1. Could we say that Gly75 is open to solvent by less than 40 Å² (accessible area, probe 1.4 Å) and either within 29 Å of Val103 (Cβ to Cβ) or aliphatic (A, V, I, L, M) (or both) here?
2. Take Leu104 and decide whether it is open to solvent by 50 Å² or more (accessible area, probe 1.4 Å) and either in contact with a strand residue (DSSP E or B) (Cβ under 9 Å, 6 or more places away or on another chain) or of a type in the set (A, V, I, L, M) (or both).
3. Looking at (1) modelled with pLDDT under 90; (2) of a type outside the set (Ser, Thr, Tyr); (3) open to solvent by 80 Å² or more (accessible area, probe 1.4 Å), can you tell me which one Val63 breaks?
4. Applying the selection to the stretch 1-39, what residues are exposed (fewer than 11 other Cβ atoms within 10 Å of the Cβ) and in a helix (DSSP H, G or I)?
5. Can you tell me which residue among Leu52, Leu58, Leu82 is closer than 22 Å to Arg109 by Cα, open to solvent by 60 Å² or more (accessible area, probe 1.4 Å) and assigned to a helix (DSSP H, G or I)?
6. Please find, among Pro77, Pro42, the residue that is touching a Cys at 6+ places or on another chain (Cβ under 9 Å) and either of a type in the set (Gly, Ala, Ser) or assigned to a helix (DSSP H, G or I) (or both).
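The values are calculated or read from the model by the stated rules, or taken from the named source; none is laboratory data. Small disclaimer: the values here were computed from a predicted structure and weren't measured. We place every Cβ from the backbone using ideal geometry, glycine too, and count neighbours over all the protein chains shown. Heads up: the accessible areas ignore ligands, DNA and RNA and are worked out on the full protein's heavy atoms, side chains in. Shrake-Rupley method; radii C 1.70, N 1.55, O 1.52, S 1.80 Å.
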Amino acid sequence: FAIPAPIRLTQLGVSSTPTALLEAGRAFGATKSQLLWKIELPYALPQIMAGLTQTIMLSLSMVVIAALVAADGLGGPVLRALNTANIALGFESGLCIVLIAIVLDRFFRSSEGGK
């Protein structure tokens, strides 16, 4: 469920590398693997990080769905709250999931180079 987002964003980032950068790399004798590792991937890093944060958000959105099929984890208390109509427990559990998502998003956003 969450895997296509980072793959697509990585592909978009790598394919959007300006041709001037690629030509400069080729002019200095870079191999295809050197072009990828030294030019294309560093240029695509913001898109790759966006894909990583999207994967985290999509994974956390699935924890309640996973609890519906008896998976343990963060979605268990939310499912219990839904089954017992316990609004307070549902709000608290949902808020914990949202806070985890926000913290992880800020953590990976800060590693994007000070943006």
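1. yes
2. Here the answer is yes, as Leu104 does meet what is asked.
3. (3)
4. Ser15, Thr19, Ala20, Glu23, Ala27, Lys32, Ser33
5. When all the criteria are applied, what remains is Leu52.
6. Pro77
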